[in-house]
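Let me begin by presenting the structure, written as structure tokens, before commenting on it.
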Amino acid sequence: MANTPPHGFTRLSGSERTLPAHARWIEPVDPHQRIEVSVYLRDPAAGEDSGSLSSQAAEPGSQISRADYIARHSASAADVTQIEKFAHEHQLHVTEVNLASRKVVLVGTISHLSAAFATELHHYEHNGQSFRGRSGYLHVPASIEAVIDGVFGLDDRQQAQPHFRIAQAQARPNGFTPPQLAQLYDFPSGLDGTGECVALIELGGGYNDTDLTTYFQQLGIAKPQVISVGVDGGTNSPGDPNGADGEVALDIEVVGAVAPGTKIAVYFAPNTDRGFLDAITQAIHDTTNNPSVISISWGGPEASWTSQAVTTMDQAFQTAVSLGITVCVAAGDNGSGDGVNDNKAHVDFPASSPNVLGCGGTRLDATGTQVADEVVWNENASGEGATGGGISDLFPLPAWQANAQIPPSINDKHVGRGVPDISGDADPLTGYQVYFDGQSVPIGGTSAVAPLWASLIALLNQKRGKAVGFLNPYLYQNYQQLSQNKALRDITSGNNGGYSATTGWDACTGLGSPDGALLLQALLTPPAQGS
């Protein structure tokens, strides 16, 4: 529906939303209902040499101090004052100002918020989900449009899907325990992640302490420290057998079993673009838990995001890069189409951000403690999913992928950011043994690969005594040596529908799966002179 701005207002760039095809109008919203929105402000150093290391040939561990980041990139007092004035003029209340994350939270009635941003909100239903939605652009006074990067929370439709797959009952195998996979991938021994914190982003579900106790007792591993952090009213809410409990358990149990000395901070947020973004920024700026790695097993096709959501979340990932925080993101479980039924290839966001480590999936078969075979995960023929991967429609080719022979998109032959970067076991038929809601279940999906790599990075950080941070430039620039040294295992067999595995990087498994001990050895070895 059209929403014409009042005099003096202008479109907020990137805020346009469309309703899902076949969404059904239910009723108007209650104009007196009070809700929150998060307003993200511009980076005052945007356009400068901002200190982000994402495009540099940086050694692992390169970062700027948190104090330097805050000094250069915090929201300006003048911008905050403008938003406070805008809020007052529209009978809204400012309940939070976070200068470091450049976030201002506004609270008000739907009537006042709709007027403040010149939009209309209604209740809709789509695929069994009801949501408060809008279409078209948001609008703001022209005097403040330049200071705002995005406004989130008016529309509360479900934004992302968890990327896990429970093996179908009729073909349900036993799967591997995470320690068995860590052994198969030769994760370095004698390390447990002590001193590190891994953040998990969860948009639903929850965990029971009794389930975790049972799981780690069965493995004979000390139960890790797990902390629940609520974001935007999100809570640890286990108990829905059809919900995301399996995702939460998978993430916690993989990290906790591989790196039991690691503190695990679980950020629970609503499954909306606001909740997702706020959880990520809260984890990045959490100086209490201070995570060195963030694992994200949720996402959605690039086209399902607003431009402002993509831009603002990617800016958050740039912040993580600058602060030396590694972000591991699942690449999706629906093959090269990413669940979009238009016969075209699509990649998943946030895995497609050039500031994260995109995690693809394999099928791993073992003989004893050795990998017997590893191919692209593709069980679409039996309904068991396939790894995501492909060429981004939103992000150009990053500098560090320039020599990786990224192929053109099979859609229109453009070359963009290639997804994923690395891979690991994800096939539910060779999956991970997980315990949740009182039962032991084998689970796969690229959801498992993100926490697997996150736990490996926690071990690497522990041994190095400092964070590896943004690993992508190092992996790509040293790929030939890492491949020759077997620190990365090249996956050359299989496909995810539109793309096939090949020698070197491919849009199914990236640069391959890890040999953790050899990767650590490479990271601890000073580069040769002149290299």
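In a shell of Cβ-Cβ distance under 15 Å around LEU184, excluding LEU184 itself, what net charge do Lys and Arg (+1) and Asp and Glu (-1) give?
Details: positive: ARG363, LYS486, ARG489; negative: ASP186, ASP365, ASP373, GLU374, ASP425, ASP427, ASP515.
My count for the surroundings of LEU184 gives -4.
Straight-line reach from LYS463: which lysines have a Cα under 23 Å away, not including same-chain ones fewer than 8 places off?
Of all the lysines, those that pass the test against LYS463 - Cα under 23 Å, at least 8 places apart if same chain - are LYS223, LYS263, LYS486.
Quick one, could you list the DSSP H helices from the chain stretching 30 Å or more along their long axis (Cα atoms) with average Kyte-Doolittle hydropathy of 1.6 or above? Kindly include the intermediate steps, with their values, before the conclusion.
Details: long enough: none.
TM-like helix candidates: nothing returned.
Rounded, prolate or oblate: which fits the stretch 361-496, taking a ≥ b ≥ c as square roots of the Cα gyration tensor eigenvalues, rounded meaning a/c under 1.5, else prolate when a/b beats b/c?
oblate
Take the solvent-accessible surface of the protein heavy atoms, probe 1.4 Å, and return the percent of it on the chain that carbon and sulfur atoms account for.
On the way: 9310 of 19960 Å².
The nonpolar share, carbon plus sulfur, comes to 47 percent.
Once you order the gyration tensor axes a ≥ b ≥ c over the Cα atoms, which shape class does the stretch 198-291 get: rounded for a/c under 1.5, otherwise prolate or oblate by comparing a/b with b/c? Let's see the in-between values first.
Details: a/c = 2.51, a/b = 1.34, b/c = 1.88.
It is oblate, given that a/c is not under 1.5 and a/b is not larger than b/c.
In straight Cα distance, which lysines are under 17 Å from LYS344, not counting same-chain residues fewer than 8 positions off?
Cα-Cα hits under 17 Å: LYS413.
Between GLN521 and HIS88, what length in nm is gained on full extension when 0.36 nm per residue of separation is reduced by their alpha carbon distance?
On the way: separation 433, 0.36 × 433 = 155.88 nm, distance 5.74 nm.
Contour length minus Cα-Cα distance gives 150.1 nm.
Give me the 1.4 Å probe accessible area per residue for the stretch 322-403, excluding ligands and nucleic acids, in Å².
Numbers: 2660 Å² over 82 residues.
Using a 1.4 Å probe on heavy atoms only, each residue of the stretch 322-403 averages 32 Å².
Which FRET efficiency value, to the nearest 0.05, do you get for ALA381 and LYS486 by plugging their Cβ-Cβ distance into 1/(1 + (r/R0)^6) with R0 = 30 Å?
Numbers: r = 31 Å, r/R0 = 1.05.
After rounding, the FRET efficiency stands at 0.45.
Residues of the stretch 453-531: accessible area per residue at 1.4 Å, in Å²? Before the final figure, lay out each step's value.
Values: 3140 Å² over 79 residues.
Per residue, the stretch 453-531 has an accessible area of 40 Å².
Could you go through the stretch 196-202 in sequence order and give the Karplus-derived ³J(HN,Hα) for each residue, using 6.51 cos²θ - 1.76 cosθ + 1.60 with θ = phi - 60°, rounded to whole Hz, and x for Gly and Pro?
Values, residue by residue: 9, 10, 9, 8, 10, 9, 10 Hz.
Can you list which of the trypsin sites (Lys or Arg not before Pro) found in the stretch 1-32 are DSSP loop residues with at most 15 other C-beta atoms within 10 Å? If you can, show how the numbers build up before the last one.
Numbers: sites: ARG11, ARG17, ARG24; in loops: none.
Sites meeting the loop and neighbour criteria: none at all.
What is the distance, in nm, between label points placed 7 Å from the Cα along the Cα-to-Cβ direction at THR109 and at THR288?
Each label point lies 7 Å from its Cα, and together they span 3.4 nm.
Taking only DSSP H segments of four or more residues, each worth -39500 (n - 2.57), what value at 222 nm results for the chain once the sum is divided by all its residues, to the nearest 500 deg cm²/dmol? Show your work: numbers first, answer last.
On the way: 12 runs with 129 residues, N = 531.
Helix-only estimate at 222 nm: -7500 deg cm²/dmol.
Hey, what did the chain get for relative contact order, percent, Cα under 8 Å, at least 6 apart? Walk me through the intermediate numbers first.
Details: 1371 pairs, mean separation 94.9, N = 531.
Rounded, it is 18 percent for the chain.
Between ASN403 and THR4, what length in nm is gained on full extension when 0.36 nm per residue of separation is reduced by their alpha carbon distance? Don't jump to the answer; show the numbers that get you there.
Values: separation 399, 0.36 × 399 = 143.64 nm, distance 4.73 nm.
Taking 0.36 nm per residue and subtracting the Cα distance, the gain is 138.9 nm.
Amide H neighbours of PHE349 under 5 Å, counting only residues 5+ apart in sequence or on other chains, H built in-plane at 1.01 Å?
Answer set, sorted by chain and number: GLY300, GLU302.
Return one whole number: the accessible area per residue of the stretch 136-217 in Å², for a 1.4 Å probe.
Details: 3070 Å² over 82 residues.
Value for the stretch 136-217: 37 Å² per residue.
How much FRET efficiency would the formula 1/(1 + (r/R0)^6) give for GLU120 and ALA100, where r is the Cβ-Cβ distance and R0 is 30 Å, rounded to 0.05? Show your work: numbers first, answer last.
Working: r = 34 Å, r/R0 = 1.12.
That gives a FRET efficiency of 0.35.
The values are calculated or read from the model by the stated rules, or taken from the named source; none is laboratory data. Since the model is a prediction, treat every value here as computed from it, not as a measurement. Here Cβ is always computed from backbone atoms with ideal geometry, including for glycine, and neighbour counts include all displayed protein chains. Just the protein is used for accessible areas: all its heavy atoms, side chains included, with ligands, DNA and RNA removed. Shrake-Rupley method; radii C 1.70, N 1.55, O 1.52, S 1.80 Å.
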